[in-house]
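Notes follow the structure.
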Amino acid sequence: MRDIEKQIEKMTGLSLEEAMSIDEVNLYDRLGEETFWKLSKLFYNKVYQDEEIWFRNIFKNRDIEDSIQNQVEFFIQRMGGPQYFSERKGHPALIARHMDFNMKEKAAERWLFHMKNSLEETPEIDDDSKHRMLNYFTHTAYFLSIGVTQHQNKKNKRNVRF
Ligand code: HEM
């Protein structure tokens, strides 16, 4: 297992197998496109109206409609549906696409807080699917937080030296 995966397991208590249990079933077939749209609309409405201004500000130069579309297309693709995201935008390359944002652990926690509440508010998502999705989101949020922060630190060190 890679170091980063061990680190995530330690932080979240989730094994890689648990985190990737979204791949044991086809969640796209099970839930349908409309459910993914509903989830992402709920999520981004919470994010863009967050009372925690520092978190809301991470998204300040973005457009909510675009953000929803990007997320829905990625989730659909990742959870067994058509490759909408890659057809429109290329490889997901999630670490690279988050490089300019505040991705500290606190941001991952806040992202997950809103996602957990959005899952709770989507009754179309049954408990088994909810559990699988939350495990995957938790793993990925920490994966991105650690991955992006490592890159940002390396870049800062280089800037100090030259
Ligand atoms: C620390 C937690 C996170 C923060 C602060 C964060 C922040 C952001 C921001 C600011 C954007 C740009 C919004 C836009 O598309 O207009 C974005 C895009 C995106 N995020 Fe995250 N994100 C986080 C975690 C995640 C996780 C866990 C996933 C996947 C499970 C994810 C998937 C995506 C995708 C697919 C995009 C669209 C990228 C693109 O189209 O270029 N993010 N995120």
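A simple rule links phi to the HN-Hα coupling: the Karplus curve 6.51 cos²θ - 1.76 cosθ + 1.60 with θ = phi - 60°, which for the stretch 87-101 gives 4, 8, 10, x, 4, x, 5, 4, 4, 4, 6, 10, 4, 8, 9 Hz, with x for Gly and Pro.
Just the number, please: Stokes-Einstein D of the stretch 3-137 in µm²/s, Kirkwood Rh from C-alpha pairs, 4 °C, 1.567 mPa s. Before the final figure, lay out each step's value.
Numbers: Rh = 15.7 Å.
Answer from the Stokes-Einstein relation: 82 µm²/s.
Listed cross-link partners K10/K130; K41/K106; K46/K154; K10/K116; K60/K155; K10/K46 are compared with a 27 Å cut-off, the Cα-Cα value being larger for K46/K154; K10/K46.
Residue-wise HN-Hα couplings along the stretch 73-85, as the Karplus relation 6.51 cos²θ - 1.76 cosθ + 1.60 with θ = phi - 60° gives them from phi, are 5, 5, 4, 4, 4, 6, 10, x, x, x, 7, 4, 4 Hz; Gly and Pro carry x. Among the GluC sites (Glu not before Pro) in the stretch 36-68, those located in a DSSP loop and surrounded by at most 16 other Cβ atoms within 10 Å of their own Cβ are E51, E52. Using θ = phi - 60° in the Karplus curve 6.51 cos²θ - 1.76 cosθ + 1.60, the 3J(HN,Hα) couplings for the stretch 117-127 round to 5, 5, 4, 4, 8, 10, x, 5, 8, 5, 4 Hz; x is entered for Gly and Pro. State the Cα centre-to-centre distance between the stretch 75-130 and the stretch 1-31 in whole Å. Taking the Cα centre of each part, the stretch 75-130 and the stretch 1-31 sit 13 Å apart.
Loop-located GluC sites (Glu not before Pro) in the stretch 87-162 (DSSP state other than H, G, I, E, B) with a sparse environment of at most 15 neighbouring Cβ atoms within 10 Å: E121, E124.
For the stretch 1-56, the set of trypsin sites (Lys or Arg not before Pro) satisfying both a DSSP loop assignment and a count of at most 14 other C-beta atoms within 10 Å is given as R2.
Would you compute, from DSSP H runs of 4+ residues alone, the mean residue ellipticity of the chain at 222 nm, taking -39500 (n - 2.57) per run and dividing by the full residue count, rounded to the nearest 500?
Details: 10 runs with 115 residues, N = 162.
For the chain, the value works out to -22000 deg cm²/dmol.
Every read-out reported here was derived from the displayed coordinates using simple, explicitly stated rules and does not represent laboratory data. Here the structure is a predicted model, which means the values were calculated and not measured. So basically every Cβ, Gly included, is an ideal-geometry build from the backbone, and we count neighbours across all protein chains shown.
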